[in-house]
């Protein structure tokens with residue numbers, strides 16, 4: 001029997017050689033060859049991951065988002081400061097971890113390690129000579145030698161020559177847990193503002209001063225949408241007679257002692273009243289009490305110690321928005337030597353401020369109590 005032959009015919013062999021030569025010609029091109037090698041590498045990597053698992057599994061991973069546009073004005077301020085020979089720190093954008101900021105305990109540990117809690121307790125209130133007991137309670141008065149309650153109760157401050165930044169936490173005393181966190185977890189340079197309606201108000205002020213915090217007392221003032229938005233029964237009204245305004249103010253001032261000044265609670269309508277603000281300014285001046293407002297009364301009068309906040313820190317309650325507002329406080333400090341922000345007593349606000357305060361000295365600023373900014377007129 002004749003065995004079958006597997007030899008291809010001459011035309012078929014010629015065609016195969018021709019096709020192989022064409023393929024070799026295509027693969028010999030540099031770009032095509034590199035593409036083929038990449039496909040081969042990716043295919044091999046996929047096969048290995050399928051067999052061995054994800055090589056990054058088990059390692060910590062962080063996703064971060066960068067907060068919004070840079071605040072305007074700080075670049076020019078930095079250049080001007082350098083031209084004048086000042087050593088100013090340039091604000092840097094920080095990465096905000098998602099979804100939650102670090103807990104308060106972490107920020108507190110960092111502050112303690114940096115020595116931020118040095119300075120000790122402030123003297124207990126009331127201090128002899130700067131208060132007097134009345135039917136409205138213990139009211140502040142200017143003492144012998146002209147010593148004012150503002151000077152007696154403010155936190156001591158020694159300037160370093162760096163731009164000063166300050167933060168006030170407002171609305172304290174109404175929520176016991178939030179108030180405790182603010183008193184215990186924030187550095188003593190952060191000023192704390194208490195509601196006059198807070199239960200155990202004097203106890204909270206005493207605790208705050210024991211931790212080194214100076215204290216403000218909130219004065220509720222009439223907002224634009226009053227009475228839909230009502231700050232309470234002793235709200236200072238824009239159309240009230242000056243005597244009634246002073247009566248309500250003295251009830252508020254008599255709720256406790258140990259505060260160096262007052263700050264407004266709302267008040268967009270009240271501060272537009274010349275009669276109302278005149279009565280408040282005169283009463284505070286006569287009693288030696290400072291007035292630091294949230295920014296709504298920057299064009300109005302006040303006591304001898306006077307300051308207005310540059311920025312509200314938490315009208316938008318998100319980590320990125322609060323961080324951006326804190327950067328604007330830093331920019332204000334670069335532009336004019338000091339920057340003041342006010343935050344409400346929200347857990348998120350406390351965490352963001354605590355984290356920021358732990359870093360601010362290392363970036364060339366000086367964390368200062370609000371009273372230190374009130375000295376600069």
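At a glance:
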{"read-out": "Residue among 323, 314 that is farther than 16 Å from residue 193 by Cβ, within 14 Å of the chain's Cα centre (by Cα) and either modelled with pLDDT of 95 or more or assigned to a helix (DSSP H, G or I) (or both)", "value": "323"}
{"read-out": "Residue 224 vs. criteria surrounded by fewer than 16 Cβ atoms within 10 Å (Cβ to Cβ) and under 30 Å from the mean Cα position of the chain (by Cα)", "value": "yes"}
{"read-out": "Candidates 166, 185, filtered to the one that is closer than 18 Å to residue 369 by Cα and in contact with a strand residue (DSSP E or B) (Cβ under 8 Å, 6 or more places away or on another chain)", "value": "166"}
{"read-out": "Any hit, the range 184-195, residues being surrounded by fewer than 21 Cβ atoms within 10 Å (Cβ to Cβ), under 20 Å from the mean Cα position of the chain (by Cα) and in contact (Cβ under 8 Å) with a residue 24 or more places away in the chain", "value": "yes"}
{"read-out": "Sole exception among (1) over 23 Å from residue 308 (Cα atoms); (2) part of a loop (DSSP other than H, G, I, E, B); (3) in contact (Cβ under 8 Å) with a residue 12 or more places away in the chain for residue 227, by number", "value": "(3)"}
{"read-out": "Residue in the range 337-345 that is surrounded by fewer than 24 Cβ atoms within 10 Å (Cβ to Cβ) and under 15 Å from residue 216 (Cα atoms) present", "value": "yes"}
{"read-out": "Answer residue from the range 117-135, given it is touching a residue at least 60 places away in the same chain (Cβ under 8 Å) and loosely packed, with under 15 Cβ neighbours inside 10 Å and is farthest from the chain's Cα centre (by Cα) among those", "value": "134"}
{"read-out": "Check on residue 297, surrounded by 21 or more Cβ atoms within 10 Å (Cβ to Cβ), assigned to a strand (DSSP E or B) and at pLDDT below 95", "value": "no"}
{"read-out": "The range 348-377: number of residues that are part of a helix (DSSP H, G or I), more than 12 Å from the chain's Cα centre (by Cα) and within 16 Å of residue 193 (Cα to Cα)", "value": "5"}
{"read-out": "Residue in the range 236-247 that is in contact (Cβ under 8 Å) with a residue 12 or more places away in the chain, surrounded by 16 or more Cβ atoms within 10 Å (Cβ to Cβ), under 30 Å from the mean Cα position of the chain (by Cα) and outside any strand (DSSP E or B) present", "value": "no"}
{"read-out": "Failed item in (1) within 20 Å of residue 127 (Cβ to Cβ); (2) assigned to a loop (DSSP other than H, G, I, E, B), with residue 162 passing the rest", "value": "(1)"}
{"read-out": "Subset of the range 272-294 [surrounded by 17 or more Cβ atoms within 10 Å (Cβ to Cβ), out of contact with any strand residue (DSSP E or B) (no Cβ under 8 Å at 6 or more places or on another chain) and assigned to a helix (DSSP H, G or I)]", "value": "277, 279, 283, 285"}
{"read-out": "Matching residues in the range 194-216 - criterion: being in contact with a strand residue (DSSP E or B) (Cβ under 8 Å, 6 or more places away or on another chain) and farther than 16 Å from residue 124 by Cα", "value": "194, 195, 196, 198"}
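Condition check ((1) out of contact with any helix residue (DSSP H, G or I) (no Cβ under 9 Å at 6 or more places or on another chain); (2) within 27 Å of residue 158 (Cβ to Cβ); (3) free of Cβ contacts under 8 Å to residues at least 40 places away in the same chain) across all residues:
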{"position": "280", "(1), (2), (3)": "no, no, no"}
{"position": "283", "(1), (2), (3)": "no, no, yes"}
{"position": "315", "(1), (2), (3)": "no, no, yes"}
{"position": "334", "(1), (2), (3)": "no, yes, no"}
{"position": "345", "(1), (2), (3)": "no, no, no"}
{"position": "360", "(1), (2), (3)": "no, yes, no"}
{"position": "373", "(1), (2), (3)": "yes, yes, no"}
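The values are calculated or read from the model by the stated rules, or taken from the named source; none is laboratory data. Since the structure is predicted, the reported quantities are computational estimates derived from the model, not experimental observations. Every residue, glycine among them, receives a Cβ derived from its backbone with ideal geometry; neighbour counts consider all protein chains shown.
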